[in-house]
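Working notes for the structure below.
FYI, it's all coordinate maths here, none of it is from the lab. Fair warning: this is a prediction, and the values are worked out from it, not measured in the lab. Don't worry about glycine lacking a Cβ; one is built from the backbone with ideal geometry, like all the others, and counts go over all protein chains shown.
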Amino acid sequence: MKEKLNKIKSMADEAFASSHTLESLEELRVKFLGKKGELTAVMKGMGALSPDERPVMGQLANEVRDYIGEKLEETKKALQAAAEEKKIREETIDVTIPGKCPKKGAKHPLTQVLDDLKDIFIGMGFSIAEGPEVELDYYNFEALNIPKDHPARDTQDTFYIDENVVLRTQTSPMQIRTMEKQKPPIRVLAPGRVYRSDAVDATHSPVFHQVEGLVVDKGITMADLKGTLETFVHKLYGEETRLRFRPHHFPFTEPSAEVDISCFNCGGKGCNICKGEGWIEILGCGMVHPKVLKNCNIDPDIYSGFAFGIGLERVAQFRYDVKDMRMYYENDMRFLSQF
Amino acid sequence: MKLPLSWLKDYMNIDGIDNAEYMHKMTMSGSIVEGIENPADEFKNVVTGKILKIEKHPDADKLVVCQVDVGEEAPIQIVTGAKNVFEGAIVPVAKHKSCLPGGVKITKGKLRGVESFGMMCSTDELGISEERATGILILPDDTAIGEDVTKTLGLDESVAEFEITSNRPDCMSIIGLARETAATFGREFTVPTALFETNNEDVSEYASAEIKDDELCSRFVGRVVKNVKIAPSPEWMQRRLKACGIRAINNVVDITNYIMLEYGQPMHAYDLDNVEGRKIIVRHAEENEKLETLDDQPRVLNESMIVISDEKRAIGVAGVMGGANSEVTDNTTTVLFESACFNAAAVRRGAKSLGMRTDASALFEKGLDSENCLNAINRACQLMVELGAGEVVGGYIDVYPKKKVQTVLPFEPEKMNDFLGMDISEQEMTDILATLDFEVKDGKVYVPTFRGDIEGMADIAEEVARIYGYDRIPTTMMRGEVVAGGKTPKQRLADIVRDELAGSGLYEIITYSFIDPKENSLVNIPADDTRNNFVRITNPLGEESSVMRTDLISSMMKTLRTNYARRNAEAALFELGTIFTPVEGEQLPDETVNIAIGMYGNCDFYDIKGIVEGMLNRVGISNYEFKADTTNPTFHAGRCAEVTIGGKKLGTVGQISPKVCDNFKIDAEVYVAILDFELIAEKFTFDTHCKDLPKFPAVTRDIAVTVNKSVPVGEIVKIIKGQNADILESCELFDIYEGVQVGKDKKSVAYSITFRASDKTLTDDDVNPVMDKILKDLELKLDAQLR
């Protein structure tokens, strides 16, 4: 019996060594360890042994079974690992082939810049206001302290629908509409299209966009105006950008200022973008004119405020290096897909 | 406004201020300097020279050969064709390698075989005269030889160009700018009083004036000068005029222009002998009244204009231009000077309707100071006497119906500091205001009469702040009540729609909101369509941009055309744009936002439909419906759907008709959707309620039915979903087949239908009755046969 068992062991060794597939391995398992397998057959002969021999043979049989079992597992693992490796090898791809992009689209560059402006001002507690593009003369001019016969009203600047209706030339009428509807405290940003009868060229368009800002509250100062715009410029163009407030004149603000920023290209040394000046004009602003407040039934002795107007195309031009304003409105796919 | 910097010296000391500093500081105190130019910068190597010898040119009758001493070791040889040269004449010489105005470069050369080492110059070549000169400029005998000609001619003059804002007509003058300069640099500033001799006569013996309507003219001042000798004005005056861009004419005219520059007060000189009745009348023009102006143009006037007339006829358009009939000529002996203050609006209207904006009208229309009239006319008379141009008659005409009242405002330093967010001392404010000729006395600010723009505390605060320096105002953040900002739901919706459409592979476009009215017919909008009722611009840039659009479609088609014409293989675009619809009885039109989607190249109807569906789903709208629309003339009759939400029209999606594509020269299938954003804004919701995940498995049944080709699959879905069965979870179209196997005019449509219950695992007994009912209904309503 001992010999039989040892023979089975050596047979198994041989068989496993020549088994190369998981299937053949399974066959061997059945052959050696199965209910009808070789080992079982030998074990059936245990009853014929003497009581002394039985435990000895039993132990030996168990040893052989364990041995075969372990050997089987070992061989199986090796085969599995080989199979896996082969599969990986066969499935290997060229990872440098370009990826599959979903179809790309984008918002217009002007919309993207406007979104940034809105975010910055919403962060400072501003709401977004809207107003009509076809506007009453009263809102576009009169209420903004630009009476009839004011030089700013020359027909070469303004598109008229009739005597009392114009295409708004600025976003400032939304200041009036806001103040008529809402009492202070007011903090609004009013973006929109404006119209001037300029022929189209690289720097002019009869339709363009402005972003108007208006703050009215008790105790609003010109220093607050400077602080608010400085925060805006730093967020948009970076902390290192410097601002310069120059006195200017707008009929609806007093005092008024134009704001220059240090040239983003040369940092203020002077280059062709800033025309050698080191400064670039980006917006007009000022303290809301007391007459304008009065026109909206807000008492200038109690309240004060500031307003500003930013040219959106200009902001986008500096951000994206758009050299010709016509590109914004031609909407060539090759332009739009760059943003 | 041009300012020769040396002119400032008449009123103040400008030593030690260089051009760059001047430009910067003036700009920062509110007088914007656009640039400082010096005509001398255009010259190089042009000097004075003395002609020593003139000889005939050996080969040319019209040329002579000159030896010219230019202050160098040896004289240089110059060949010229000029007739007026003579030995001993001192002339400007552009030497070899020299530069002249207009970028002209002179180098040595040969004229008919004789070497010439430069050129002698005429006044036009030197840029000091616009007219072509007949000969070389001959300089005075005592001119130094070899001197830089810009020095000799006084061309070395820096001229600053200012942009003056419309609220500061006082700065449209040399004196005004000198005052600003003095305030900016903290220097003394004085305008000398004009002193001159008059004769013993009185002006009333010579002339009189009358203002018919006080509204037209707040003041008219006149002075008479007799025994006038018309001559060229002196060179220093001509040079200043020229530096300011004004051509010299004769002493009298030049003086009026000089005063306009210096005082900012337009003046006029009449030949008094040609003023009928020697009386000036300021009145409204008569309708169709005729007048020939100084520029020899016949003008037809209207009642809105102011004219100056004598007893018989108009002799000038007030504030705009004088008449030819009373013009000062070489034969004039008695001159009447006018220094008046006309109504700004009337001058502006007059100049505009005559189409002649003059230097004078540009000043008047901003509103001038009537207190300046007398000073200006006195200065003119002083110059007349100084130049020996005539004898000033004693006294002056002064019709002054509306005496200017000085503005006096309370002096509120504390309020101003609060307003500016600053802390400037009362004394410093007073000092700053004094430099601008504002007087602070007894708690009041006395505003100078030339500052018509100053009306209240804010204006005075600006004066203080700009001279003190805007850059010295601190930067602070707003205090006070916290305000909740942000976007309205509709504004957020617009953002989401844009993001969603961009995420679907579309690029956003922005197009002009005015169009050509003919564009509607290009997109086949019928003539009687309400969209042809436009908001019209009365003064458009052209017919092609003369009406506000009533539909986004032509803007989209034009943009697709641009892309197609530029050979972009495909385009996929969208726009959120406003359309304008006139409203009966309202001044302003209705402005509503539409969404346009447009695409061509590598796309079909189901791409654009999918994008629309995706967007609607994204904003929580699911009860939309697409119905075939065969009647929309813009679209392909077989590939167009009307989209509705709860029965309300949302818009149209489809392929553009080939005819319309032809109109836009696009040889491709074009797909467009036009949707009403306002309706989406009405129906959208951001409300989402989470459902529990299903606990029991689903049962899926696939069916394929054969129907007539003309049956829209939408009808089949309606029947499937129309079953009132709680367990029906979803149904999905997975195949449409047309071909021989199903027969002609038939198609096979296959759906996968999913059932599920929330409380148990479904069995055939639950599902079969519903499936049977579906098939029965399909057969009954659509004649559908199970395959």
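Computed quantities for the displayed model
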read-out	value
Most mobile of A:Leu225, A:Leu117, A:Leu72 in a GNM of chain A (Cα contacts under 10 Å)	A:Leu72
Pairwise label distance in nanometres, B:Gln406 with B:Lys441, each label 7 Å out on the Cα-Cβ vector	0.6 nm
For residues of A:161-168, the mean tally of beta carbons on other chains within 10 Å	4
Rg/Rg_ref, segment B:40-152, where Rg_ref = 2.2 N^0.38 Å and atoms are Cα	0.98
Order of A:Met327, B:Met172 under a 10 Å beta carbon neighbour criterion, fewest first	A:Met327, B:Met172
Residue mean of other protein chain beta carbons inside 10 Å, B:511-522	2
Förster radius 60 Å - calculated FRET efficiency between B:Thr763 and A:Glu330 (Cβ-Cβ, nearest 0.05)	0.40
Order by protection proxy (mean Cβ within 10 Å, highest first), peptides A:175-184, B:685-694	A:175-184, B:685-694
Gyration tensor (Cα) of chain B, equivalent ellipsoid semi-axes in angstrom	81, 37, 29
Where a label projected 7 Å from the Cα of B:Phe196 along Cα→Cβ would reach, residues of segment B:333-348 with amide N under 13 Å	B:335-339
About the Cα centre, charge dipole magnitude for the protein assembly as shown (Lys/Arg +1, Asp/Glu -1 at Cβ), debye	4160 debye
Segment B:261-310 and segment B:600-643: distance between their alpha carbon centers, rounded to Å	69 Å
In Hz, Karplus ³J(HN,Hα) per residue of segment A:17-31 (6.51, -1.76, 1.60; θ = phi - 60°; x = Gly, Pro)	4, 9, 8, 10, 10, 5, 5, 5, 5, 4, 4, 5, 4, 4, 4
A:Asn164-A:Thr40 pseudo-label distance in nm [points 7 Å out on the Cα-to-Cβ vector]	10.7 nm
Fully extended contour minus Cα-Cα distance, from B:Val619 to B:Lys279, at 0.36 nm per residue	114.4 nm
Segment B:203-399: Rg to Rh, with Rh as the Kirkwood radius over Cα pairs	0.93
Calculated [θ] (222 nm, deg cm²/dmol) that DSSP helices of n ≥ 4 give over chain A, each run adding -39,500 (n - 2.57)	-13000 deg cm²/dmol
Under 13 Å from the B:Arg567 label point (7 Å along Cα→beta-carbon), backbone N, segment A:323-339	none
Descending principal axes extents, segment A:109-336, alpha-carbon based, whole Å	47, 40, 29
Most fluctuating residue given options A:Lys76, A:Lys118, A:Lys218, as computed from a GNM of chain A linking Cα atoms under 10 Å	A:Lys76
Ranked list, fewest to most other Cβ atoms within 10 Å of each Cβ, for B:Thr256, A:Thr111	A:Thr111, B:Thr256
Anchor B:Lys403: aspartates and glutamates whose Cα lies under 14 Å away (excluding residues fewer than 8 positions away in-chain)	B:Asp214, B:Glu215, B:Asp369, B:Glu371
Cα centroid separation, segment B:429-480 to segment B:366-408 (Å)	29 Å
Average beta carbon contacts from partner chains per residue of B:548-558, 10 Å cutoff	1
Entries in A:Lys235/B:Lys558; B:Lys709/B:Lys773; A:Lys100/B:Lys718 that, when Cα-Cα distance is taken, lie over 27 Å	A:Lys235/B:Lys558; A:Lys100/B:Lys718
Modelled label reach - B:Leu52, point 7 Å along Cα→Cβ, segment B:76-96 residues with backbone N closer than 19 Å	B:76-80, B:85-96
Packing-based exposure ordering (other Cβ within 10 Å, fewest first) of B:Val33, B:Val307	B:Val33, B:Val307
Calculated FRET value between B:Glu543 and B:Arg313, using beta carbons and R₀ = 51 Å, to 0.05	0.75
Separation in nanometres of the label points that stand 7 Å from Cα toward Cβ, at B:Thr630 and A:Asn297	5.8 nm
Rounded to whole Å, sorted largest first: equivalent-ellipsoid semi-axes of the protein assembly as shown, Cα gyration tensor	86, 40, 33
For chain B, calculated [θ]222 nm from helices alone, where every DSSP H run of n ≥ 4 adds -39500 (n - 2.57)	-7500 deg cm²/dmol
Calculated FRET efficiency for the pair B:Phe696/A:Lys100, C-beta based, R₀ 56 Å, to 0.05	0.95
